[in-house]
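Down below is the structure, laid out as C-alpha cells.
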Protein chains: 2
Amino acid sequence: MQPEYERPIVTVDIVLMTIVEGALAVALLERDNAPFQGVPALIGGYVHTDEDEDAEAAVRRILKAKAGLEGLFFEQLRSFAGRDRDPRGWSVSIAYFALVPPSLLSGGTGKTLLLRPASAPGELPFDHERIVLAARERLRGKGAYSTIAACLLPKVFTMSELQGTYETVLGETLDQSAFRRKMKDLDLLEEVEGEKRQTLIARRPTTLYRLKAAPSVFDRRI
Amino acid sequence: MQPEYERPIVTVDIVLMTIVEGALAVALLERDNAPFQGVPALIGGYVHTDEDEDAEAAVRRILKAKAGLEGLFFEQLRSFAGRDRDPRGWSVSIAYFALVPPSLLSGGTGKTLLLRPASAPGELPFDHERIVLAARERLRGKGAYSTIAACLLPKVFTMSELQGTYETVLGETLDQSAFRRKMKDLDLLEEVEGEKRQTLIARRPTTLYRLKAAPSVFDRRI
DNA sequence: GTAATAGTGTCTTTAAGACACTATCCA
DNA sequence: TGGATAGTGTCTTAAAGACACTATTAC
C-alpha cells in the first residue's frame with residue numbers, strides 16, 4: 001500500500017436558486033463558524049462520514065438542517081478542489097445546484113436565507129463567486145434543452161408562468177405561440193383540473209399544468 | 001470552529017478515451033497497489049496535497065507519470081463520493097475524462113495501457129464502470145454540440161477523418177454534404193497547407209484542416 | 001362595451017436530411 | 001480508362017420565429 005497523503009477537507013456547497021421579482025436569485029446564509037464567520041456564503045458544510053451515505057445524502061441533510069427545505073430538485077454541478085480556495089488547507093467542495101419555487105421560501109419553513117441577485121451576489125468568501133457563476137451557466141445551458149426551469153415553480157402552474165420562468169432562466173423573451181407549440185410537441189406536460197386567475201383584476205381563467213415526469217432533457221432548443 | 005469529521009480519501013480518476021478500429025476505447029491500467037492490486041482500472045491516484053496545486057494539476061501529474069502523456073484535452077466529469085465505493089472507507093473520486101488521438105498512443109511515449117471497448121470495458125473495480133458510463137454519456141452528449149470530437153484526432157486532419165470521428169462518437173452515420181455544410185457555417189476550422197493521401201491506393205488528395213480555437217460548443221446539432 | 005390575459009393560425013425563415021451529381025487524382 | 005475518395009448542388013422536410021388574429025373572462 002502506498003503511503004497515504006494528508007487528506008483534504010471535503011465539503012458540499014449548494015447554489016440554491018429561486019426567482020425573485022422576475023430575476024434569478026441565490027440563497028446565502030451567514031456562516032456559523034470560522035473562517036468567515038458571520039459572512040454570507042453558499043449553503044454548505046462538511047461531509048459527515050459517519051452519517052452521510054454519499055454526497056447527495058450530505059446535501060439533503062444540509063438543506064434540511066440549514067434551510068429547512070426538503071424534496072427540492074438538485075444535481076451535482078462539479079467539484080472545486082485545490083490548495084488555496086480555503087484557508088484551512090487543501091480542500092474539495094462538491095458543488096450542487098438546487099432549485100426552489102419562491103412559494104416554498106415565503107412559507108414558514110425556510111430559515112432566514114439571504115436572497116441576492118444571482119448575477120450580482122456581492123462579494124463571497126472562498127471561491128463561492130466562481131461556483132455561483134458555474135451554476136448560472138449550467139442553469140442557462142440546461143434551460144434551453146430541458147424542463148428543469150419548471151422546478152422553479154410549484155408543482156402546478158400555468159403556461160404563462162412556465163414561459164415566464166424560462167424567460168428569466170434564459171434571459172431572453174420567447175414567442176408565446178412557438179413556446180406553446182414546442183411544449184405541446186414535447187408532450188411533457190399534463191393538464192390538471194382546476195381554474196386559476198393570475199391577478200386580482202378580472203380576466204380569462206387559465207389551464208393548469210404539471211410535469212408528467214421528473215425533469216428531463218430534449219434534443220432541440222425551446 | 002466546529003468539530004472536524006474524519007476526512008475522506010480523495011482521488012482523481014481519469015477516463016482516457018481514444019478510437020480503436022472505429023470504436024471508442026477506454027484506457028485502463030493494472031493497479032500497482034491494494035486494493036485490487038493487479039486489476040485493470042481507470043488511470044487514477046491520490047491527490048497529493050503537498051505537490052498538486054489543484055485537481056487539474058493532479059490529473060496532469062498522473063497522466064504523465066502513469067501513461068506518459070502530456071498536453072491532452074481533459075475536463076472534469078463530476079465527482080463520485082460515498083461510503084461504499086472504496087473498501088478503504090468514505091471516499092471522493094473527482095472524475096475526469098480525457099481524449100487522446102490513437103497516434104499518440106502508438107508512439108513510444110505511451111506506457112502499457114490496456115485498451116478496452118468503451119461500451120464493454122469488462123468488470124472494473126470500485127464504481128469505475130459507472131464512471132466510464134458517465135464519460136460515454138458526456139462525450140456523446142457533447143459530441144453533437146461541440147468540437148471535442150476533434151481532440152480524438154491529431155492537430156491536422158481531413159474532413160473525412162473528422163466526420164468519421166463524429167460518427168463513432170455519436171454512434172450514427174452522418175450525411176457528408178450536411179456535415180461539411182455545418183462545419184463551413186460554424187467556421188471553426190481553418191485550412192492547412194499540405195496534401196494528404198488517405199490510404200495506400202491511389203485517389204484524389206485532400207484538404208487538411210485544424211481547429212481555429214480550443215474545443216468549443218455550438219448551439220445546434222451537427 | 002373595454003381591459004386584460006389565454007390561446008390559435010399561418011406565413012416566413014432557417015437548418016437539417018437525402019441524395020445525386022461533378023472533380024481530381026493514380027494506376 | 002476505371003476505381004476510389006473529395007467535394008458540390010439542390011430539392012425536401014422539419015423546426016423555429018414573427019406576428020396577427022380570435023377567445024373568454026370581470027367589470
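The values are calculated or read from the model by the stated rules, or taken from the named source; none is laboratory data. Because the structure is a prediction, the values reported are computed rather than measured. Cβ atoms come from the backbone with ideal geometry, glycine included; neighbour counts cover every protein chain shown. Surface areas here come from the heavy atoms of the whole protein model, side chains and all, with no ligands, DNA or RNA. Shrake-Rupley method; radii C 1.70, N 1.55, O 1.52, S 1.80 Å.
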### Task
Scan the stretch B:162-183 for residues that are part of a helix (DSSP H, G or I) and either among the polar types (S, T, N, Q) or at pLDDT below 95 (or both) and jot them down.
B:Gln163, B:Thr165, B:Thr168, B:Gln176, B:Ser177
## Note on the structure
Listed by first then second residue, the pairs whose first member lies in the stretch B:186-207 and is at positive phi, whose partner is modelled with pLDDT of 85 or more and near DNA strand D (Cβ under 9 Å from one of its atoms), with beta carbons under 7 Å and at least 6 positions apart or on separate chains, are B:Gly194/B:Leu208
### Message
Going residue by residue through the stretch A:106-129, is there one that turns out to be within 14 Å of chain B (Cβ to nearest Cβ) and open to solvent by less than 10 Å² (accessible area, probe 1.4 Å)?
### Response
no
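Condition check ((1) β-branched (Val, Ile, Thr); (2) within 11 Å of DNA strand C (Cβ to nearest atom)) across all residues:
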residue	(1), (2)
B:Ser146	no, no
B:Leu153	no, no
B:Val169	yes, no
B:Leu174	no, yes
B:Ala178	no, yes
B:Leu186	no, yes
B:Leu189	no, no
B:Glu195	no, yes
### Task
Might you check whether a residue that is near DNA strand D (Cβ under 9 Å from one of its atoms), basic (Lys, Arg), at pLDDT 95 or above and farther than 30 Å from B:Arg88 by Cβ occurs anywhere in the stretch B:201-210?
no
### Query
In the stretch B:75-98, what residues are under 17 Å from B:Gly45 (Cβ atoms), within 13 Å of chain A (Cβ to nearest Cβ) and in contact with a Leu (Cβ under 9 Å, 6 or more places away or on another chain)?
B:Ser93, B:Ile94, B:Ala95, B:Tyr96, B:Phe97
### Message
Which numbered condition in (1) part of a loop (DSSP other than H, G, I, E, B); (2) more than 14 Å from chain A (Cβ to nearest Cβ); (3) near DNA strand D (Cβ under 10 Å from one of its atoms) is the only one that B:Pro154 fails?
### Response
(3)
### Query
What is the residue count in the stretch A:17-43 for residues that are more than 30 Å from A:Glu161 (Cβ to Cβ) and open to solvent by less than 20 Å² (accessible area, probe 1.4 Å)?
1
### Task
Scan the stretch B:198-211 and give yes if some residue there is open to solvent by 50 Å² or more (accessible area, probe 1.4 Å), over 17 Å from B:Phe73 (Cα atoms) and assigned to a helix (DSSP H, G or I), otherwise no.
no
### Message
Can you tell me which condition B:Pro87 does not meet? The list is (1) outside any loop (DSSP other than H, G, I, E, B); (2) open to solvent by 50 Å² or more (accessible area, probe 1.4 Å); (3) at pLDDT 95 or above, and all the others hold.
### Response
(1)
### Task
Return yes or no: is A:Phe218 surrounded by 11 or more Cβ atoms within 10 Å (Cβ to Cβ) and closer than 27 Å to B:Arg220 by Cβ?
yes
### Task
Considering only residues that are open to solvent by less than 100 Å² (accessible area, probe 1.4 Å) and near DNA strand D (Cβ under 7 Å from one of its atoms), look in the stretch B:163-197 and name the one that is nearest to B:Glu75 (Cα to Cα).
B:Arg180
### Query
Could you count how many residues in the stretch A:88-107 are touching a strand residue (DSSP E or B) at 6+ places or on another chain (Cβ under 8 Å) and farther than 22 Å from A:Pro215 by Cβ?
6
## Note on the structure
Across the stretch A:57-70, the tally of residues that are open to solvent by less than 20 Å² (accessible area, probe 1.4 Å) and outside any helix (DSSP H, G or I) stands at 1
### Task
For residues that are out of contact with any Ser or Thr (no Cβ under 9 Å at 6 or more places or on another chain) and at the interface with chain B (Cβ under 8 Å from one of its Cβ atoms), scanning just the stretch A:47-56, find the one that is surrounded by the most Cβ atoms within 10 Å (Cβ to Cβ).
A:Asp52
### Message
Looking only at residues that are in a strand (DSSP E or B) and within 24 Å of A:Glu4 (Cβ to Cβ) in the stretch B:1-27, which one is farthest from the other protein chains (Cβ to nearest Cβ)?
### Response
B:Ile14
### Task
Taking only the stretch B:130-150 into account, find how many residues are in a helix (DSSP H, G or I) and crowded, with 19+ Cβ neighbours inside 10 Å.
9
